[in-house]
Amino acid sequence: MTMPKEDTNTMRALQGLENNSSSVRLQAALAVGTNPDPGFIGKLIERCAIEPEFYVREMLTWALTRHTASMTVPVLLDEVRSEHAQARSQALHTLSKIGDRQAWPAITPALLSDADDEVARSAWRAAVVLVPEGEE
């Protein structure tokens, strides 16, 4: 029995996101962002938390921005509270790229002064984008 073409492409992209080669992961993230599917949101966020390569993380963020904010923002808000610094940093970065001001309450003083410099920097950048007008 053969799988429908879209199932094969989905499996290939999911496997690509976990490949040892950063260029394969980059191409997989590009493919996922080009054809957004809510089924990928969890895997994209999971990869953001552990992806060692900057350019791949940027492509993962881009892929997340291509999905509906109502589906990505709640998951990213959960990730902002992760115990892992990279997960917090990338979630904040992605929230700043999405620009949904409903995420503003997640930018807490604790994040703005996080012990990890990347998290604090991402929180400040997100704050600049997400602050409601008049609360600057």
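Among Val129, Val32, Ala106, whose Cα lies farthest out toward the positive end of the dipole of the chain, if unit charges sit on the beta carbon of Lys, Arg (+1) and Asp, Glu (-1)? With unit charges placed on the Cβ atoms, the residue in question is Val32. Entry note: region 26-92 has Rg to Rh equal to 0.93, where both radii use alpha-carbon atoms and Rh is the Kirkwood radius.
Counting only Cβ charges, +1 for Lys and Arg and -1 for Asp and Glu, the dipole size of region 91-136 around its Cα centre is about 140 debye.
Of the accessible area of the chain, computed with a 1.4 Å probe over protein heavy atoms only, carbon and sulfur atoms account for 53 percent. Rounded, prolate or oblate: which fits the chain, taking a ≥ b ≥ c as square roots of the Cα gyration tensor eigenvalues, rounded meaning a/c under 1.5, else prolate when a/b beats b/c? In terms of gyration-tensor shape, prolate. Across all directions, the average projected area of the convex hull around the alpha carbons of region 53-94 is 2.7 nm². Ordered by 1.4 Å accessible area with all protein chains kept, Phe40, Phe54 run largest first as Phe54, Phe40. Taking all protein chains into account, the per residue accessible area for the chain stands at 58 Å² (1.4 Å probe). Taking Cα atoms only, the orientation of helix 85-98 departs from the longest principal axis of the chain by about 90 degrees.
Give the relative contact order (percent, whole number) for the chain; include only Cα pairs under 8 Å separated by 6+ residues. Mind showing how you got there, number by number?
Details: 167 pairs, mean separation 24.3, N = 136.
That works out to 18 percent.
Seen against the Cα atoms of the chain and their longest principal axis, helix 54-65 is set at about 90 degrees.
I need to check one value: relative contact order of region 6-64, counting alpha carbon pairs closer than 8 Å and at least 6 residues apart, in percent.
Dividing the mean separation by the residue count of region 6-64 yields 35 percent.
Taking Cα atoms only, the orientation of helix 5-17 departs from the longest principal axis of the chain by about 50 degrees. Take the Cα of Val128, step 7 Å toward its Cβ, do the same at Gln102, and the gap between the two points is 2.6 nm. In this label model, Glu53 and Glu18 are separated by 1.8 nm, measuring between points 7 Å along each Cα→Cβ vector.
If you take all other residues with their beta carbon under 13 Å from the beta carbon of Leu17, and give Lys and Arg +1 and Asp and Glu -1, the sum is 0.
The values are calculated or read from the model by the stated rules, or taken from the named source; none is laboratory data. Just so it is clear, the structure is predicted and the values come from calculations on it, not from any experiment. Using ideal geometry, Cβ is built from the backbone for each residue, glycine included, and neighbour counts are taken over all protein chains shown. These area figures cover heavy atoms from the full protein model, side chains too; ligands, DNA and RNA do not enter into them. Shrake-Rupley method; radii C 1.70, N 1.55, O 1.52, S 1.80 Å.
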